[in-house]
Structures are given as C-alpha cells and as structure tokens.
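*Asks:* Dropping the structure in here first, questions after.
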Amino acid sequence: QVHLVESGGGLVQAGGSLRLSCAASRSIFSIYDMGWYRQAPGKQRDLVATITRSGSTNYADSVKGRFTISRDNAKNMVYLQMNSLKSEDTAVYYCNAVVTTTPIGQWGQGTQVTVSS
C-alpha cells in the first residue's frame with residue numbers, strides 16, 4: 001500500500017522560495033520513480049516534476065529553471081525546492097509514485113502553496 005505525506009507548504013510572496021517534502025512508504029519508494037503534481041482551484045491536477053530511482057529529473061516547462069526535485073533514498077523522502085515563485089504557482093501540491101508520468105498510488109492530503117503578488 002502506498003502511503004504518502006506531503007508537508008512544507010505555506011504563504012509566500014512572489015519571488016520567494018519554499019521547500020516541499022514528501023514522506024513515502026519504503027515499499028514503494030524503493031521500487032518506483034516519484035513525481036510532484038499540483039492542482040489549482042478549478043483546474044486539473046498537473047505533473048510538475050519527476051525523478052527516477054537513479055536521480056534523473058524532468059520538469060514541466062512552466063517550472064524549469066525555478067523548481068528542483070530531489071530524493072533521499074535512505075530516508076524515503078522526495079523534495080521539491082521552489083524558487084522565484086509566481087502567483088500562478090499557487091496550488092495544492094501532491095507527491096506520488098509514478099510509472100513514466102502516470103501516478104499509481106492513492107493521493108495524500110497534499111500541501112497548500114499560496115503565492116501572493
């Protein structure tokens with residue numbers, strides 16, 4: 001069973017930074033690639049970034065150069081460092097295990113990121 005807990009969200013001014021954390025159950029972390037998604041009010045949930053077990057990363061065009069995904073395999077943690085935040089980054093952020101870009105686990109509660117302009 002996939003168990004995911006996101007944290008680190010908050011209210012930040014445009015141009016600021018936040019670091020999100022995701023704790024994943026060991027049973028899935030050691031097997032799967034991981035991804036961060038976000039869902040803004042009234043919009044679909046979109047993929048933001050992915051990281052393979054070996055550390056290869058991919059990003060949505062909207063966050064390239066500003067966000068960095070990383071993982072700590074020893075701690076079963078995945079992170080999303082978000083810099084130069086914009087108001088359009090406001091959303092609830094979720095992590096999940098992924099197969100290519102398809103999320104495969106049950107969604108956690110997410111963490112709210114609000115960027116004020």
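*Asks:* Tell me, yes or no, whether region 1-14 has at least one residue that is touching a helix residue (DSSP H, G or I) at 6+ places or on another chain (Cβ under 8 Å), surrounded by fewer than 13 Cβ atoms within 10 Å (Cβ to Cβ) and either acidic (Asp, Glu) or within 19 Å of GLN109 (Cα to Cα) (or both).
*Replies:* Yes: one or more hits.
*Asks:* If SER21 satisfies every condition in (1) without any contact (Cβ under 8 Å) to a residue 40 or more places away in the chain; (2) not in a helix (DSSP H, G or I) but one, which is the exception?
*Replies:* Here SER21 clears every test but (1).
*Asks:* Would you point out the residue of region 24-41, among those that are of a type in the set (Gly, Ala, Ser) and either modelled with pLDDT under 95 or touching a helix residue (DSSP H, G or I) at 6+ places or on another chain (Cβ under 6 Å) (or both), that is surrounded by the most Cβ atoms within 10 Å (Cβ to Cβ)?
*Replies:* Step one: of region 24-41, the residues of a type in the set (Gly, Ala, Ser) are 24-25, 27, 30, 35, 40.
With either modelled with pLDDT under 95 or touching a helix residue (DSSP H, G or I) at 6+ places or on another chain (Cβ under 6 Å) (or both) added as a condition, the list becomes 24-25, 27, 30.
On the way: ALA24: 25, SER25: 15, SER27: 13, SER30: 11.
Here the residue is ALA24.
*Asks:* Would a scan of region 34-41 turn up a residue that is in a loop (DSSP other than H, G, I, E, B) and touching an Asp or Glu at 6+ places or on another chain (Cβ under 9 Å)? Give the derivation first.
*Replies:* Pass one, region 34-41, residues in a loop (DSSP other than H, G, I, E, B): 40-41.
Still in the running and touching an Asp or Glu at 6+ places or on another chain (Cβ under 9 Å): 40.
Yes, region 34-41 contains at least one residue that is in a loop (DSSP other than H, G, I, E, B) and touching an Asp or Glu at 6+ places or on another chain (Cβ under 9 Å).
*Asks:* Could you check, for region 93-106, whether at least one of its residues is in contact with a His (Cβ under 9 Å, 6 or more places away or on another chain) and either within 17 Å of ILE28 (Cβ to Cβ) or among the small types (Gly, Ala, Ser) (or both)? It would help to see each step written out before you state the result.
*Replies:* Residues of region 93-106 that are in contact with a His (Cβ under 9 Å, 6 or more places away or on another chain), as a first pass: 105-106.
Next, only the ones that are either within 17 Å of ILE28 (Cβ to Cβ) or among the small types (Gly, Ala, Ser) (or both) stay: 105-106.
Looking through region 93-106, at least one residue is in contact with a His (Cβ under 9 Å, 6 or more places away or on another chain) and either within 17 Å of ILE28 (Cβ to Cβ) or among the small types (Gly, Ala, Ser) (or both).
*Asks:* Another question about this same structure. Output the residue which, of all residues in region 42-61 that are open to solvent by 60 Å² or more (accessible area, probe 1.4 Å) and either outside any loop (DSSP other than H, G, I, E, B) or touching a Pro at 6+ places or on another chain (Cβ under 6 Å) (or both), is nearest to ILE31 (Cα to Cα). Quick ask: steps written out before the conclusion?
*Replies:* From region 42-61, those open to solvent by 60 Å² or more (accessible area, probe 1.4 Å) are 42-46, 53-54, 56, 58, 61; that's our starting set.
Now drop any that are not either outside any loop (DSSP other than H, G, I, E, B) or touching a Pro at 6+ places or on another chain (Cβ under 6 Å) (or both), which leaves 45-46, 58.
Numbers: ARG45: 24, ASP46: 23, ASN58: 18 Å.
Ranking the candidates gives ASN58 first.
*Asks:* What is the number of the single condition among (1) open to solvent by less than 40 Å² (accessible area, probe 1.4 Å); (2) farther than 20 Å from GLY10 by Cα; (3) without any contact (Cβ under 8 Å) to a residue 40 or more places away in the chain that ASP72 does not meet?
*Replies:* (1)
*Asks:* Right, here's the next one. Can you tell me which residue in region 90-117 is modelled with the highest pLDDT, limited to those that are open to solvent by 50 Å² or more (accessible area, probe 1.4 Å) and in a loop (DSSP other than H, G, I, E, B)?
*Replies:* For region 90-117, the residue satisfying everything is GLN109.
*Asks:* Residue by residue through region 38-69, note down the ones that are in contact (Cβ under 8 Å) with a residue 40 or more places away in the chain and polar (S, T, N, Q).
*Replies:* The answer is GLN39, THR50.
The values are calculated or read from the model by the stated rules, or taken from the named source; none is laboratory data. Predicted model, so just to flag it, every value in this text is computed and none were measured. Virtual Cβ from ideal backbone geometry, glycine too; neighbours counted across all protein chains shown. Heads up: the accessible areas ignore ligands, DNA and RNA and are worked out on the full protein's heavy atoms, side chains in. Shrake-Rupley method; radii C 1.70, N 1.55, O 1.52, S 1.80 Å.
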